[in-house]
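See structure below.
The values are calculated or read from the model by the stated rules, or taken from the named source; none is laboratory data. Predicted model, so just to flag it, every value in this text is computed and none were measured. Cβ atoms come from the backbone with ideal geometry, glycine included; neighbour counts cover every protein chain shown. Calculation scope for accessible area: heavy atoms of the full protein, side chains included, ligands and nucleic acids excluded. Shrake-Rupley method; radii C 1.70, N 1.55, O 1.52, S 1.80 Å.
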Amino acid sequence: MTETETPTIPLAADGRPLEQSLQRALRRQKLRALMLISPLLLFVLLTFIAPIADMLYRSIDNKIVSETLPRTVVMLSDWQEESGIAPSTEVFNALYFDLFFAAEYKIHTRLGSRLNYQQTGVSSLFRKTGRSISRFSTDEITDQFNALNSQWESPAFWLTLSQNTSFATALPTTASVWKDWQALLLHDEKDVTKEVPEDLVYYALYLDLTNPKAKTLNTQYSWWSDTVATVENFATIDIINEFQAADKDWTSIEIWGALKRFSPALTDGYFLNALDMHKTVDGIEAQPENLQVYKLLFVRTLVLSMAIMAACILLSYPIAYLLSHLPMRKANLILILVLLPFWTSLLVRTSAWKVLLQQQGVINDLLVWVGLVDDANRLIMMNNQVGTIIAMTHILLPFMILPMYSVMRTIPISYVRAAKSLGATNWTAFWKVYFPQSVPGIGAGSILVFIMSIGYYITPAIVGGTTGIFISNRIAYHISSSLNWGLASALGAILLIVVLVLYWLYDKYVGIDNLKLG
């Protein structure tokens, strides 16, 4: 090739440059592969990633307070719990409006249940006040407005009033309450043009007109000046006394403190409760000692899971070793016996252990008959940690045997024979040559059994009693019984974090690459 000649670019069969054709073919291949695995990715996203993300969000979600009591939350921002003084009348006015609509929508009990997790007695307080709030004495304000001018009881007049451009600026409280009241009518499928406003709308109007700023406002309403002057002489009501009459706890600083502390849309309260701590006026403090249960359950869950894992290793290793050294025909027969428990229900297997382990059960009867145990001192193996370890070891044993067996069957027996031919004893050949090669199977089975055991709750609930239950039992309780999903999510999130930390430690010191399933 001379210096003036240009290099020849290789072309594909379609006339395109070969490099471009190769890149195009690779892109098509990757896209085809992505399309093949996209159903699996979508399935994992919907059934695994999305539930975990929802659980993590529920553990900090607290929008129910600000959504149910929006006015109260705003007014409470200036109140200091440390003052030891109950909130002002303005806060109670805001609570009156919020709680009225919450009771009409029947969501005040949900809010009471949420706050009751933090402060005992709030649930009954909200339930009781919700029943009586429609009977507050605000009807006296309504009667005085109607006596002043009959136009105030006309729905058409109120509609005209609300459509005025200065309605929201001149009467901000009334405009806000009016908007919520109209939304309530639409929710109840009522005609807004025919319904006379509720008493709380008149009370909101009274608050606006008695505001000192009302005298200085220039509005488009012809009745404004005379009405403002007259309303000052209205017989008023004490809204605080109305709430006290409904329930005396409304003047409790603890109630209002809990309401303010848990008013933000996001909260760490669930995580604090999961760690046996709570928020007080002085900051974050530990729960009373008689209420601290979750840290104990976390420790117990980890310790018992480790014990179950260790028991599975000790029982599974000889079985897996035997399976890997037997002829295939006999090994398959024993393997069927190992897999046989999978053919029966988990609940049936657990219930069977309840029959076997109880003081009048088969095992105790056998020990008494043999003479190893006195009839008056039968072993207590039920409703305690012993029962949990025995039953769960039996249930999880196949999950340890199978990874071990799959690894051991790939270990060439010639290695052990070579070690023996070089003068090693049976134990030395096993410990120095065979055992290290079986460790990946032990690691795989250990991780599988440990992660499964910390999530079990049916078996500990049946045979564990009060001392043998796991943290998963409390999670199940809060999801299905107490309906405290926030706390259940926080407990689940902490458990997930603990598992991830243990997994990271295993990978750091042992190496996840050493795991083998065959």
Subset of segment 476-497, residues open to solvent by less than 30 Å² (accessible area, probe 1.4 Å) and either outside any loop (DSSP other than H, G, I, E, B) or of a type in the set (Val, Ile, Thr) (or both), comes to Ala476, His478, Gly486, Leu487, Ala488, Ser489, Ala490, Leu491, Gly492, Ala493, Ile494, Leu495
Are there any pairs, at least 6 apart or on different chains, whose C-beta atoms fall under 6 Å, with the first in segment 134-147 and free of Cβ contacts under 8 Å to residues at least 40 places away in the same chain and exposed (fewer than 14 other Cβ atoms within 10 Å of the Cβ) and the second among the aliphatic types (A, V, I, L, M) and in a loop (DSSP other than H, G, I, E, B), and if so, which? none
Kindly provide the set of residues from segment 76-104 that are over 30 Å from the mean Cα position of the chain (by Cα), assigned to a helix (DSSP H, G or I) and either under 16 Å from Thr138 (Cα atoms) or among the polar types (S, T, N, Q) (or both), ordered by number. Ser83, Thr89, Glu90, Phe92, Asn93, Ala94, Tyr96, Phe97
Sole residue being open to solvent by less than 30 Å² (accessible area, probe 1.4 Å) and not in a helix (DSSP H, G or I), chosen from Met392, Met400, Met381: Met381
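Give me the residue from segment 232-250 that is of a type in the set (S, T, N, Q) and modelled with pLDDT under 90 and, out of that set, least open to solvent (accessible area, probe 1.4 Å).
Among those residues, the one meeting the criterion is Thr236.
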Do you know which residues across segment 253-284 are open to solvent by 50 Å² or more (accessible area, probe 1.4 Å) and over 16 Å from Thr120 (Cβ atoms)? Lys260, Pro264, Leu266, Asp268, Phe271, Leu275, Met277, Val281, Asp282, Ile284
Test set (1) over 21 Å from Val177 (Cβ atoms); (2) modelled with pLDDT of 90 or more - Ile85 fails condition number: (2)
Please work out which one of (1) touching a Leu at 6+ places or on another chain (Cβ under 9 Å); (2) assigned to a loop (DSSP other than H, G, I, E, B) is the condition Pro264 fails and give its number. (1)
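Filter segment 454-472 for residues that are assigned to a loop (DSSP other than H, G, I, E, B) and buried (at least 19 other Cβ atoms within 10 Å of the Cβ) and give the result. Write out each step before concluding.
Here is the first cut: in segment 454-472, the residues assigned to a loop (DSSP other than H, G, I, E, B) are 455-457, 464-470.
Selection gives Tyr456, Gly464, Gly468, Ile469, Phe470.
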Under the condition of being of a type in the set (A, V, I, L, M) and outside any helix (DSSP H, G or I), which residue from segment 339-374 is farthest from the chain's Cα centre (by Cα)? Leu372
Going by the conditions given, is Tyr434 assigned to a helix (DSSP H, G or I), open to solvent by less than 50 Å² (accessible area, probe 1.4 Å) and touching a Leu at 6+ places or on another chain (Cβ under 7 Å)? no
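From the list Thr68, Thr72, pick out the single residue that is in contact with a Lys or Arg (Cβ under 9 Å, 6 or more places away or on another chain), within 22 Å of Leu184 (Cα to Cα) and either in contact (Cβ under 8 Å) with a residue 12 or more places away in the chain or surrounded by fewer than 22 Cβ atoms within 10 Å (Cβ to Cβ) (or both).
Exactly one of Thr68, Thr72 is in contact with a Lys or Arg (Cβ under 9 Å, 6 or more places away or on another chain), within 22 Å of Leu184 (Cα to Cα) and either in contact (Cβ under 8 Å) with a residue 12 or more places away in the chain or surrounded by fewer than 22 Cβ atoms within 10 Å (Cβ to Cβ) (or both), namely Thr68.
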Would a scan of segment 171-178 turn up a residue that is open to solvent by less than 30 Å² (accessible area, probe 1.4 Å), within 41 Å of the chain's Cα centre (by Cα) and closer than 30 Å to Asn273 by Cβ? no
With the first residue restricted to segment 188-205 and required to be within 13 Å of Asn146 (Cα to Cα), and the second required to be open to solvent by less than 70 Å² (accessible area, probe 1.4 Å) and acidic (Asp, Glu), Cβ contacts under 8 Å at 6 or more apart or on different chains are Asp199/Asp139
Could you say which residue among Ile336, Ile308 is assigned to a helix (DSSP H, G or I) and more than 14 Å from Leu396 (Cα to Cα)? Ile336
Report, by residue number, each residue of segment 89-127 that is free of Cβ contacts under 8 Å to residues at least 12 places away in the same chain and hydroxyl-bearing (Ser, Thr, Tyr). Thr120
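Conditions (1) more than 20 Å from Glu195 (Cα to Cα); (2) not charged (D, E, K, R), marked per residue:
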residue: Asp61; (1), (2): yes, no
residue: Ser83; (1), (2): yes, yes
residue: Arg114; (1), (2): yes, no
residue: Arg135; (1), (2): no, no
residue: Phe145; (1), (2): no, yes
residue: Asn149; (1), (2): no, yes
With the requirement that a residue be part of a loop (DSSP other than H, G, I, E, B) and of a type in the set (A, V, I, L, M), what does segment 227-241 give you? Ala235, Ile237
Looking at segment 199-210, which of its residues are of a type outside the set (A, V, I, L, M, F, W, C) and surrounded by 15 or more Cβ atoms within 10 Å (Cβ to Cβ)? Asp199, Tyr202, Tyr203, Tyr206, Asp208
With the structure loaded, tell me whether Leu326 is open to solvent by 70 Å² or more (accessible area, probe 1.4 Å) and out of contact with any Phe, Trp or Tyr (no Cβ under 9 Å at 6 or more places or on another chain) or whether it fails that test. no
